[in-house]
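**Q** Before we start, here is the structure in question, set down as structure tokens.
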Amino acid sequence: MKSKENKPIKKVHLTNFHIAGFGYWQGCEAFEHLKIGTRLDLVREEDNKFDAYAVAIYYSDYKLGFIPRSSNHDISKYLDMGLCDIYDVRITRLSPEAHPEQQVEVIVNILNQK
């Protein structure tokens, strides 16, 4: 009996959300540079006085806002462990006519490290 060789999965969907605080940080300044598929960076903010699990989202030097509290707990733990390169974070939707808190939707995938 032959067995099929399992091909490793390149990435797995973890979560998607709208960027929290987009209108309060530099999201409006960066909006014209953003497009669907744009890669974003996650930066752990351990000293954030409002959220112990805060993870900021950046495009280049622009701080766009944060991962919402409902989605940041596990991601922050892995970032604390130094596993910054396991995430692929990209823009999936831009809605310029929407309220700033609903203008940018993001997807987070976990990348296979093999």
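**Q** Report every pair of residues separated by at least 6 positions or lying on different chains whose Cβ atoms are under 6 Å apart, first residue within the stretch 59-85 and closer than 18 Å to Glu46 by Cβ and without any contact (Cβ under 8 Å) to a residue 40 or more places away in the chain, second among the hydroxyl-bearing types (Ser, Thr, Tyr) and not in a strand (DSSP E or B).
**A** The qualifying pairs are Asn72/Tyr53; His73/Tyr53; Ser76/Tyr53.
**Q** Among the residues in the stretch 66-75, are any under 10 Å from the mean Cα position of the chain (by Cα), over 30 Å from Pro8 (Cβ atoms) and crowded, with 19+ Cβ neighbours inside 10 Å?
**A** yes
**Q** Any idea which residue in the stretch 78-91 is surrounded by the most Cβ atoms within 10 Å (Cβ to Cβ), counting only those that are of a type outside the set (A, V, I, L, M) and closer than 14 Å to Leu14 by Cα?
**A** The qualifying residue surrounded by the most Cβ atoms within 10 Å (Cβ to Cβ) is Tyr87.
**Q** Another question, if that's okay. Please work out which residue is nearest to His73 (Cα to Cα), limiting yourself to the stretch 1-54 and to residues that are in contact (Cβ under 8 Å) with a residue 40 or more places away in the chain and part of a helix (DSSP H, G or I).
**A** Gly27
**Q** Here is a check on your reading of the model: is Tyr78 of a type outside the set (A, V, I, L, M) and either part of a loop (DSSP other than H, G, I, E, B) or in contact with a helix residue (DSSP H, G or I) (Cβ under 7 Å, 6 or more places away or on another chain) (or both)?
**A** Yes: the conditions hold for Tyr78.
Since every read-out is calculated from the coordinates, none of them should be taken as a lab result. What you see is a predicted model; the values in this text were computed from it and never measured. Here the Cβ is made from the backbone with ideal geometry for all residues, glycine too, and neighbour counts use every protein chain on show.
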